[in-house]
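The next block holds one structure in the form of structure tokens; read it before the comments.
Read the figures in this text as sums done on the coordinates, not as results from a lab. Remember, it's a predicted structure, so these values are computed and weren't measured experimentally. So basically every Cβ, Gly included, is an ideal-geometry build from the backbone, and we count neighbours across all protein chains shown.
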């Protein structure tokens with residue numbers, strides 16, 4: 001054989017020369033040692049017949065057969081060999097064409113490297129990638145993409161059997177705050193344990209980690225939505241049990257949504273969209289809730305989305321209007337203040353209740369803009385009444401929890417007072433007990449700043465929410481508004497006025513101004529007169545009225561001002 005074909009690459013490299021169909025003409029010593037052959041055993045044989053174990057020989061032969069007619073580029077072929085001690089090694093061969101000349105026929109020159117270790121690492125890596133393509137690496141559950149695909153298959157099968165597929169979407173309420181305060185490691189441990197608890201509850205179902213703090217379960221083999229709801233309750237019960245991690249105890253709460261196929265949709269995408277809507281609704285409710293999707297709920301959400309879009313620009317279009325409800329002195333029946341109330345008059349949808357659009361404003365971040373608009377319009381109107389010669393009286397403006405918690409809230413209030421040339425004493429801010437208790441420390445600081453400037457604070461719906469009794473002094477509340485619930489008929493009670501009397505006595509003991517809301521008839525008046533409330537507000541005296549209607553009411557009832565006749569300019573509140 002010509003010396004050109006006898007060149008060997010030294011080191012851990014095997015070489016061989018084969019003809020155009022793969023018959024071995026030469027093999028180097030390293031190749032021979034790898035398999036325990038001598039040259040006579042391999043020369044003259046097709047290389048894969050001589051070197052490759054019989055169980056994979058056909059596969060290698062097919063791979064080599066694909067390259068024999070493509071001679072203008074190198075080719076890569078992996079093939080195993082069996083060593084003398086019985087081990088299998090993987091050789092990566094690179095076949096390079098040695099083109100035919102006048103003196104030499106066409107041949108392939110093959111260089112082989114033992115890549116056994118690398119192949120194992122590669123296969124492990126590929127297996128891991130394949131696993132993570134399907135599974136969530138933290139919990140070991142399948143991921144959302146795989147879940148969606150499997151649910152589509154389950155739905156088709158269930159429809160054929162006249163069954164349903166229920167999808168449960170479970171959200172861990174306020175999990176981010178745990179993750180941020182306790183640390184990512186503990187947060188991951190909690191998520192892993194949640195996954196294990198769901199598996200223990202519903203091990204035969206398809207379970208996935210849908211997102212950061214959300215899990216989803218496909219419930220099969222059922223015929224009613226009630227069975228899905230029962231499964232959701234069972235899971236929630238297990239998740240609510242305490243978690244003990246690194247010597248600390250944690251309690252998790254859930255918001256759960258349900259949807260079923262084919263009633264709520266015949267595709268996984270439809271079910272997941274609907275179940276997400278149900279979870280969003282559950283998040284708006286206090287405490288742990290399970291919400292089942294329905295067509296009515298879907299329409300409600302669609303309408304809310306429309307309202308969200310319409311609320312943007314409603315102020316500029318003049319659709320948000322301020323109306324006022326009178327507050328009258330319990331003794332003289334003169335007006336001592338008005339409460340400003342927002343109304344949305346949509347040109348196509350008509351009047352939209354504040355109970356609808358205020359939560360939308362809070363959820364979309366528009367509440368600051370809306371709140372400042374109501375505050376500004378109310379105080380400007382108060383100035384107009386004073387300019388018309390009416391004595392000054394309180395303008396009460398409601399403040400939402402989102403407004404109170406905004407970092408610029410105090411500055412915003414002071415700025416509006418300045419631009420409307422309003423004495424801070426003329427403004428009363430109304431907050432609910434629950435709004436104050438959401439962040440007592442921050443609320444205390446804010447309300448103290450407002451009180452220092454002369455702004456009065458009223459605690460609305462007093463007695464129906466959280467108990468603020470221990471904090472009234474800190475909050476510097478000047479007024480409590482008794483909820484209308486305390487005026488409802490209590491004829492079955494031994495002393496129907498006992499609770500009302502107790503709340504009024506409590507307020508007077510704390511030197512607070514007592515405003516009774518929901519005063520609608522003579523019976524209410526009689527009960528309140530007997531117990532000694534200071535101010536009445538309700539339909540008996542006026543409904544929420546337009547500016548012109550309130551102006552006529554001021555003339556009818558007269559105004560009892562709680563301020564000096566001559567008030568100076570507002571103090572600096574910068």
* Helical mean residue ellipticity (222 nm; -39500 (n - 2.57) per DSSP H run of 4+; nearest 500) of the chain -> -13000 deg cm²/dmol
* Structure fact -> Unit-weight point scatterers at every alpha-carbon of the stretch 485-556, Debye formula, q = 0.24 1/Å: log10 I(q)/I(0) is -1.08
* **Three-way shape label, the stretch 3-121, alpha-carbon gyration tensor, a/c 1.5** => prolate
* To do: Quickly work out the residue 497-to-residue 364 label distance, labels modelled 7 Å from Cα along the C-beta direction, and quote it in nm with one decimal.
  => 4.8
* Cα convex hull of the stretch 367-440: how many Å³ per residue? -> 80
* **Label-point separation, residue 387 to residue 68 (7 Å along Cα→Cβ), nm** => 10.2
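Percentage of Cα-Cα pair distances in the stretch 194-241 greater than 17 Å, rounded to whole percent? Walk me through the intermediate numbers first.
Numbers: 334 of 1128 pairs.
Of all Cα-Cα distances in the stretch 194-241, 30 percent exceed 17 Å.
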* With each pseudo-label sitting 7 Å past Cα toward Cβ, what's the residue 121-residue 94 distance in nm, one decimal? -> 1.8
* Report, to the nearest 10°, how far helix 367-387 tilts away from the longest principal axis of the Cα atoms in the chain, using its own Cα long axis and a range of 0 to 90°. => 20
* To do: Multiply the residue gap between residue 241 and residue 133 by 0.36 nm, knock off their C-alpha separation, and tell me the result in nm, one decimal place.
  => 35.7 nm
* If you count, for each residue, the other Cβ atoms within 10 Å and average over each peptide, how do 49-61, 416-428 line up from highest to lowest? -> 416-428, 49-61
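So what's Rg/Rh here for the stretch 322-557, counting alpha carbon atoms and using the Kirkwood radius for Rh?
Values: Rg = 17.6 Å, Rh = 18.5 Å.
Ratio value, two decimals: 0.95.
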* Kirkwood Rh and Cα Rg combined as Rg/Rh, the stretch 208-301 -> 1.00
* Helix 225-240 versus the longest principal axis of the chain: what angle, 0 to 90°, nearest 10, using Cα atoms? -> 90
* Asked: Only one of the listed values, [x] 87, 57, 46; [y] 126, 54, 53; [z] 110, 60, 56, was derived from the coordinates as Cα extents along the principal axes in Å; which label is it?
  -> [y]
* Just the Cα atoms of the stretch 135-293, one point each, no solvent: what log10 I(q)/I(0) does Debye give at q = 0.13, 0.18 Å⁻¹? -> -0.56, -1.05
* **Degrees separating the helix 522-531 axis from the principal Cα axis of the chain, which is the longest one** => 80
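I'm a student and want to see the number: the projected area of the Cα convex hull of the stretch 276-353, averaged over all directions, in nm².
Details: hull surface 33.9 nm².
Over every viewing direction, the Cα hull of the stretch 276-353 projects on average to 8.5 nm².
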* To do: Using a Förster distance of 51 angstrom, determine the FRET efficiency expected from the C-beta separation of residue 437 and residue 200, and round it to 0.05.
  => 0.90
